[in-house]
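Asks: Mind looking over this structure? Questions follow.
The values are calculated or read from the model by the stated rules, or taken from the named source; none is laboratory data. Remember, it's a predicted structure, so these values are computed and weren't measured experimentally. Note that each Cβ is placed from the backbone with ideal geometry, even for glycine, and that neighbours are counted across all protein chains shown.
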Amino acid sequence: MDGDRGAPPSPDGARDSSWGGPRVRAELRRIADDAARRARFRVCAIEVPRGDGLLELVALTGGQPADGEGVGKSFDMSQVRQVLRAGTRYGKFVFLGEEEMSAELREAIRGYGYVPDIPPSQDPGRWRTLDMLVAAVADASGRIRALLHLDEPLTGLRLGPDELHHAAARLELDLHAVLATVEREELTRRARLDETARATVRAASQRVGRDELLALVHPELVAGFAARSVAVHLYGAREGLPSEESDPATLPVQVRPAVEAATRRAWQSRTVVIVEPGRVWGDDHLDQDHAQDLTHHLAAHGATELLLVPVGAGHEPMGVLVVVRDGDADRWTEGESQAALGVGHDLGRALLSTRAHERERQLIEELQRLGEYRRQLITTVAHELKNPLGVILGHVEMLDDVPGLPSEATTSLDAIGRGASRLASLVDDLLLLSRMSHIDSAVAQQAVDLSQVLAGVAQDESLRAQQQGVTLRISPVDGTVNVPGEPEELRRMVANLVSNAVKYSSAGGTVDLSLDGDNEEVVFTCADGGLGISEEDQERLFTEFFRTTNPEALRRPGTGLGLAIARRIVERHGGRMELEAELGIGTTLRVALPRARD
C-alpha cells in the first residue's frame, strides 16, 4: 500500500530492543566509550531512529546508577528535534542549555533518554541536569541515521564555544564510525529480505500456479527471515505451505480468526504483528484475547518469536505470512519490519499474478473444450449431410438421362441440382475447416508449383468471370514458383481468393493475379476493382461465417467461410495474409509463403 505510515506509536507501549542485535550494539558501545574519552565527558549515549518512527537508545556508557541501564528503551523524537532547532550549532553538535528551554520542553526532556543526577548550582558555568549536547548523524541525503549525546563533562563545567568546536572536530571520526555501523547493520538486514522479494518476483514471472509459487519461494522466505519455519495462510483458502499440524508455522485453529482480523488491521496500518512469550506487539486485540494461546504455541515448539506479516496487493489483504524464529537469530527489529512489509506486498502481487494465470489457463482449457465440441459437431453434421446430398445429386443425374421429361421437370431438376451442389460445397468447406482446426492435423510437406496452381484456378474461374463481364489478368511468371505444403489446400486457398474477387466485381471490372517474391518467400497478389470492404467489416473479415454489412454484397451468394479457410491455410503453411481495401474502390489481398528450398 502507498502512503505515509502516520504518527509513530507511543513510547509507553513500544517494543524495547527493536533495533540491531548484540554484535552491533557492542560495536556502538565501543564507539561511545571512545567518544566520551576523546571529548572528556563521563557519559555518551547513541540513539537510532527505528522503522516505527521512535528513537531507541542502543548504546550508553558511563551513566548512573548502572552503566548501560536503559539501553533498548524507546523515546519520542519530537523533543530532540526541538533541541536541534533551538540550540546553538558547533560543527555537527548542537548545545542547548537548560535555562534556554521552555517549561514544556524541560518537562519533556526529564523523561527523555539519560538524565543525570546533578546537584543544583547557582553557578552559570556549571553543567546542569537538563543541558543537551547532541550531534545528528546524517547520511548523504540528509536523513538522520543516529544521534550521539554527550553528558556530564569531567570538569563539571559547561564548555565554551571554542571548546565545543574543538570537541566536535575531535569526534568527527567517531560520528563517521556511527554512521557506517548503523548503515551496515540496516543494509545487511534489509539485503536478506530484499533478495527474498526479488526471488518472489522471479518466481511469479515463471507463470506457475499458486501452490507451485509457494513451493518455489518457501526456501527463500526461510533464508530471508532467518526463520525456523515459514507458512503462508491465505484468507478463505486451504492452508498453503506447510500443511502439517506439527509445524510451528501452522497456527492453532482457535486463534486463526483472530489472527486474520489482526493482520487485516496490520495491513491498514502498514505494520507487522510480533508475538513473543507473554506479549503480542502491534495489535492490542490479539494481545488481550490470545497472547496466552500464542505463548503456549511458541513454548510447545521451542520457539522464541513469531511474526505475522500481512500479504496483499492493491487495497485488500489476501493472507498472512507466518514466520517462526528461535533463539539462534537476533531479535526482530523495526527496520526489518518495513522490509518484511515489502516482501508481503511482493508476495501478494505474485499471488495475484498466479491467480490471473490460473484463470487464464482455465479459460483457455474451457475455450479448447468448446472449440473441440464445435469441431466435432461440425464434423458430425457435415458427414450426416454429405450422404443424403450425394443421393440427391446422384438421382438428379439419373433423372436428367430420362427421355421425354417435360420442361417444367427439367427446370426443377436443374434448381435441385444447383441447390444440392451449393450444399455439398458448404459441407466440403465445413469438413476442411474442421480438419484444419484440429491440433493434430499436420501439413503434408511437398514442393507445390504455385504458378501451375494459379493457372489452373484461373482456367476454372474464367467461364464465370466471362459470364459476369469480368476480365481475369495473370501477370506472366518465369519458370516454377515452388512453395512447401499440401497441394489441395494451397489450390483451395488460391481458388477462394480468386472466386471472391470475381464474385464481388461488377461487369467491366478486372481481377489482376500475380506471383512475385525473392529467395526467401513467394507473394501471391489478388487485386480487384469491385465493391471493396468498409473499415468496420475489415476487422471481422476473416471470422468464420461473417459475410458483410454491405447490402449490395449481401445480394451475392456466399457462406462467409471462403476467406476464413484461406487465412487458416496460409497460417498452417507458415505464411501471412495482408489486406488493403476501400469501400467502393476495390480489394487487394497479398499472401506471402515461404519459398521451397532447392
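Asks: Give me the residue from the range 253-278 that is in contact (Cβ under 8 Å) with a residue 24 or more places away in the chain and either on the phi > 0 side of the Ramachandran plot or not in a helix (DSSP H, G or I) (or both) and, out of that set, surrounded by the most Cβ atoms within 10 Å (Cβ to Cβ).
Replies: Taking the candidates together, the pick is 275.
Asks: Oh, and also: Of these, 450, 399, which one is assigned by TED's automatic domain parsing to the domain that holds residue 522, surrounded by 13 or more Cβ atoms within 10 Å (Cβ to Cβ) and among the aliphatic types (A, V, I, L, M)?
Replies: 450
Conditions (1) touching a Leu at 6+ places or on another chain (Cβ under 6 Å); (2) surrounded by fewer than 16 Cβ atoms within 10 Å (Cβ to Cβ); (3) among the small types (Gly, Ala, Ser), marked per residue:
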{"site": "497", "(1), (2), (3)": "yes, no, no"}
{"site": "519", "(1), (2), (3)": "no, yes, no"}
{"site": "524", "(1), (2), (3)": "yes, no, no"}
{"site": "529", "(1), (2), (3)": "no, no, yes"}
{"site": "561", "(1), (2), (3)": "no, no, no"}
{"site": "582", "(1), (2), (3)": "no, yes, no"}
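Asks: Let me ask another. Can you tell me how many residues within the range 402-414 are surrounded by 11 or more Cβ atoms within 10 Å (Cβ to Cβ) and either small (Gly, Ala, Ser) or assigned by TED's automatic domain parsing to the domain that holds residue 499 (or both)?
Replies: Total meeting the criteria: 2.
Asks: To continue, here is another question. Checking the condition β-branched (Val, Ile, Thr) and at pLDDT 90 or above, which residue from 43, 80, 71 passes?
Replies: Of the residues listed, the single one that is β-branched (Val, Ile, Thr) and at pLDDT 90 or above is 43.
Asks: Of the conditions (1) surrounded by fewer than 21 Cβ atoms within 10 Å (Cβ to Cβ); (2) at pLDDT 90 or above; (3) more than 46 Å from the chain's Cα centre (by Cα), residue 35 clears all except one; give me its number.
Replies: (1) is the only condition that residue 35 fails.
Asks: From 226, 203, 231, 215, which residue is farther than 25 Å from residue 25 by Cα, in contact (Cβ under 8 Å) with a residue 24 or more places away in the chain and outside any helix (DSSP H, G or I)?
Replies: The match here is 231.
Asks: Which numbered condition in (1) farther than 22 Å from residue 194 by Cβ; (2) at pLDDT 90 or above is the only one that residue 272 fails?
Replies: (1)
Asks: Let me confirm something: among 576, 555, which residue is closer than 22 Å to residue 421 by Cβ and surrounded by fewer than 17 Cβ atoms within 10 Å (Cβ to Cβ)? Full working, then the answer.
Replies: On the way: 576 fails: closer than 22 Å to residue 421 by Cβ.
None of the others qualify; the one that does is 555.
Asks: Still on this model: Name the single residue, out of those in the range 537-551 being surrounded by 12 or more Cβ atoms within 10 Å (Cβ to Cβ) and among the acidic types (Asp, Glu), that is nearest to residue 486 (Cα to Cα).
Replies: Ranking the qualifying residues of the range 537-551, first place goes to 544.
Asks: Please name all residue pairs, on different chains or six or more residues apart, with Cβ atoms under 9 Å, provided the first residue is in the range 32-52 and is in the same structural domain as residue 339 (by TED's automatic domain parsing) and the second residue is surrounded by 21 or more Cβ atoms within 10 Å (Cβ to Cβ).
Replies: Correct list of pairs: empty, since none qualify.
Asks: Do you know which residues across the range 129-158 are surrounded by 16 or more Cβ atoms within 10 Å (Cβ to Cβ), without any contact (Cβ under 8 Å) to a residue 60 or more places away in the chain and not in a strand (DSSP E or B)?
Replies: 129, 130, 131
Asks: Got a sec? Which helices (runs of 4 or more DSSP H) wholly within the range 433-546 have at least 1 residues that are within 47 Å of the chain's Cα centre (by Cα) and under 30 Å from residue 365 (Cα atoms)?
Replies: Those helices (runs of 4 or more DSSP H) span 487-503, 535-538.
Asks: Name the residue that is farthest from residue 60 (Cα to Cα), counting only residues in the range 115-130 that are hydrophobic (A, V, I, L, M, F, W, C) and at pLDDT 90 or above.
Replies: 127
Asks: Among the numbered criteria (1) more than 41 Å from the chain's Cα centre (by Cα); (2) crowded, with 20+ Cβ neighbours inside 10 Å; (3) modelled with pLDDT of 85 or more, which single criterion is violated by residue 112?
Replies: (3) is the only condition that residue 112 fails.
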